[in-house]
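The values are calculated or read from the model by the stated rules, or taken from the named source; none is laboratory data. Predicted model, so just to flag it, every value in this text is computed and none were measured. Methodologically, a virtual Cβ is constructed for each residue, glycine included, from the backbone with ideal geometry; neighbour enumeration extends over all protein chains shown.
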Amino acid sequence: MPDHFYVYPTYLGRERSRKDGRRVPADLALADLTGEEIVDAAQHLGFKAELESGKQYPRSASAYEGRVKVVKKGSATKAKFLRSVALELARRRAAGGKK
């Protein structure tokens, strides 16, 4: 079993539906999300994360948004991680004024 998982900005993006790849509830989804924001939030939550900028989400082969490689920590699942990073990103944007 791998010691890491990948997170694409699409997983947290407001622009996508669940059918198109979003993995968090619509009320937690964010607009105009970047891989760098995900890396910063993951590192703030105590995860080791690194941006792989030349990668593409398989369902949208023409867009090279990049992906984030996150090293697993403890009993954290990918779903729990996505929810917690979405909450952290929303908190940061609210504090910084970006929507």
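Among the residues of region 1-16, just one is more than 24 Å from ASP27 (Cα to Cα) and either outside any loop (DSSP other than H, G, I, E, B) or touching a Ser or Thr at 6+ places or on another chain (Cβ under 6 Å) (or both), namely HIS4.
Yes or no, residue by residue, for (1) free of Cβ contacts under 8 Å to residues at least 12 places away in the same chain; (2) within 19 Å of GLU15 (Cβ to Cβ); (3) of a type outside the set (Gly, Ala, Ser); (4) in contact with a Gly (Cβ under 7 Å, 6 or more places away or on another chain):
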{"position": "LEU28", "(1), (2), (3), (4)": "no, yes, yes, no"}
{"position": "ALA31", "(1), (2), (3), (4)": "no, yes, no, no"}
{"position": "GLU37", "(1), (2), (3), (4)": "no, yes, yes, no"}
{"position": "ALA41", "(1), (2), (3), (4)": "no, yes, no, no"}
{"position": "LYS48", "(1), (2), (3), (4)": "no, no, yes, no"}
{"position": "TYR64", "(1), (2), (3), (4)": "yes, yes, yes, yes"}
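As a summary of the residue check, ALA95 satisfies the conditions (1) of a type outside the set (D, E, K, R); (2) part of a strand (DSSP E or B); (3) at pLDDT below 95 except for the one numbered (2).
Checking each residue in region 25-59 for being surrounded by 13 or more Cβ atoms within 10 Å (Cβ to Cβ), aliphatic (A, V, I, L, M) and part of a loop (DSSP other than H, G, I, E, B) picks out ALA29, LEU33, LEU45.
If you go through region 8-21 and keep only what is among the charged types (D, E, K, R) and within 13 Å of PRO58 (Cα to Cα), you end up with just ASP20.
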